[in-house]
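The values are calculated or read from the model by the stated rules, or taken from the named source; none is laboratory data. Keep in mind the model is a prediction, meaning the values are calculated, not measured. Cβ placement follows ideal geometry from the backbone for every residue including glycine, while neighbour counts extend to all protein chains displayed. With ligands, DNA and RNA removed, areas are computed over all heavy atoms of the protein, side chains included. Shrake-Rupley method; radii C 1.70, N 1.55, O 1.52, S 1.80 Å.
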Amino acid sequence: MLGIDGIVAIGGDGTFRGALELSRLGISTVGVPVTIDNDIGCTNYTIGFDTACNTAIDCIDRLRDTMQSHDRCSVVEVMGRNAGFLALYVGIAVGATAVLVPERELDFERDVVERIRNARLAGSTHFMIVVAEGVGSAVDIGKCIEEEIGIQPRVTVLGHIQRGGAPNARDRETATRMGYFALKALAEGRANCIIGTRGGDIVETPIEEALVMKKHLQMDRYEVLETMSLGSAGLVRSI
């Protein structure tokens, strides 16, 4: 068809659904997962995630410089409509006071107000709230903080800045490996699959099977975040 021997489809779920339809038309397709949300079920890692995390961390570190000098609260919205991987990883890395993710139903009193109050009691005078866009508007979260606690937060929506910039070493190396194995699969007649990583190894998963697989947020990381936000006292209590 159209002189095409095979297609390497690069993207997320939407891209792979299109690849599946092409495969049903007889076109050999292989998928390579690329999304900063890291929410593709058949692979431990998706290209772009680490670069996006580092971009967000760099932005938040710059915000913290100003926030610390003025004793302020920052609310930062990162991408993640249906998945909180980016928000949670970034939140742990920057030592956020609280992280709000779509996988965890928001209890504003528990997840935000108590976190800020506990941080105050521990001696903190600056607070960082990281919000995945799927939870709601960071602007609305900021307004609720001001109404409930009396702090006027500074709200930053990172938006598509997270999708830009030069890819880091992990993403470059992973993309090269996945690209190589995608072409190898096509050349050896193993098409209609998605290339992924599992336990550090490259794996192939049939597209139809991959599309029904779900990836769950590792809530043990959320436990780490909650404990660390309480400081050494919280760590002792959790142990």
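Tell me which of these residue 112 doesn't satisfy, since it passes every other one: (1) in a strand (DSSP E or B); (2) free of Cβ contacts under 8 Å to residues at least 60 places away in the same chain; (3) among the β-branched types (Val, Ile, Thr).
All conditions are met except number (1).
From the residues in region 8-60 that are of a type in the set (S, T, N, Q) and not in a helix (DSSP H, G or I), which one is nearest to residue 159 (Cα to Cα)? Before you say what the answer is, go through the steps one by one.
Let us first name the residues in region 8-60 that are of a type in the set (S, T, N, Q), namely 15, 23, 28-29, 35, 38, 43-44, 46, 51, 54-55.
Applying the additional criterion that residues be not in a helix (DSSP H, G or I) yields 28-29, 35, 38, 43-44, 46.
On the way: 28: 35, 29: 31, 35: 14, 38: 17, 43: 25, 44: 24, 46: 19 Å.
The residue in question is 35.
What number of residues in region 67-118 are small (Gly, Ala, Ser), open to solvent by less than 50 Å² (accessible area, probe 1.4 Å) and closer than 18 Å to residue 151 by Cβ? So that I can check it myself, show each step before the final result.
Applying the first criterion (small (Gly, Ala, Ser)) to region 67-118 yields 69, 74, 80, 83-84, 87, 91, 93, 95-96, 98.
The next check asks that each one be open to solvent by less than 50 Å² (accessible area, probe 1.4 Å); those that pass are 74, 80, 83-84, 87, 91, 96, 98.
Okay, now just the ones that are also closer than 18 Å to residue 151 by Cβ, so 74, 96, 98.
Residues in region 67-118 being small (Gly, Ala, Ser), open to solvent by less than 50 Å² (accessible area, probe 1.4 Å) and closer than 18 Å to residue 151 by Cβ: 3 in total.
Within region 177-209, how many residues turn out to be open to solvent by 60 Å² or more (accessible area, probe 1.4 Å) and under 18 Å from residue 5 (Cβ atoms)? Before you say what the answer is, go through the steps one by one.
Taking region 177-209 as the starting set, the residues that turn out to be open to solvent by 60 Å² or more (accessible area, probe 1.4 Å) are 177, 180-181, 183-184, 187-190, 192, 198-199, 201, 204, 206, 208-209.
Okay, now just the ones that are also under 18 Å from residue 5 (Cβ atoms), so 180-181, 183-184, 187-190, 192.
Selection size over region 177-209: 9.
Only one residue in 220, 140, 171 is outside any strand (DSSP E or B), within 23 Å of residue 44 (Cα to Cα), free of Cβ contacts under 8 Å to residues at least 24 places away in the same chain and not aromatic (Phe, Trp, Tyr). Which one?
Details: 140 fails: within 23 Å of residue 44 (Cα to Cα); 171 fails: free of Cβ contacts under 8 Å to residues at least 24 places away in the same chain.
So the residue among 220, 140, 171 that is outside any strand (DSSP E or B), within 23 Å of residue 44 (Cα to Cα), free of Cβ contacts under 8 Å to residues at least 24 places away in the same chain and not aromatic (Phe, Trp, Tyr) is 220.
Could you look through region 39-66, keep only residues that are among the polar types (S, T, N, Q) and open to solvent by 10 Å² or more (accessible area, probe 1.4 Å), and pick out the one that is modelled with the lowest pLDDT?
Narrowing region 39-66 to residues among the polar types (S, T, N, Q): 43-44, 46, 51, 54-55, 66.
Next, only the ones that are open to solvent by 10 Å² or more (accessible area, probe 1.4 Å) stay: 44, 51, 54-55, 66.
On the way: 44: 95, 51: 96, 54: 95, 55: 94, 66: 73.
Taking the candidates together, the pick is 66.
Can you find, within region 184-230, the residue that is nearest to residue 14 (Cα to Cα) among those that are touching a Gly at 6+ places or on another chain (Cβ under 8 Å) and at pLDDT below 85?
Among those that are touching a Gly at 6+ places or on another chain (Cβ under 8 Å) and at pLDDT below 85, it is 225.
Go through (1) in a helix (DSSP H, G or I); (2) open to solvent by 70 Å² or more (accessible area, probe 1.4 Å); (3) in contact with a strand residue (DSSP E or B) (Cβ under 9 Å, 6 or more places away or on another chain) for residue 152 and report which single condition fails.
Among (1) in a helix (DSSP H, G or I); (2) open to solvent by 70 Å² or more (accessible area, probe 1.4 Å); (3) in contact with a strand residue (DSSP E or B) (Cβ under 9 Å, 6 or more places away or on another chain), residue 152 violates only (1).
Only residues that are under 22 Å from residue 216 (Cα atoms) and not in a strand (DSSP E or B): list them for region 96-109, please. Outline the logic, then answer.
Let us first name the residues in region 96-109 that are under 22 Å from residue 216 (Cα atoms), namely 96, 98-107.
Of everything in region 96-109, those that are under 22 Å from residue 216 (Cα atoms) and not in a strand (DSSP E or B) turn out to be 96, 101, 102, 103, 104, 105, 106, 107.
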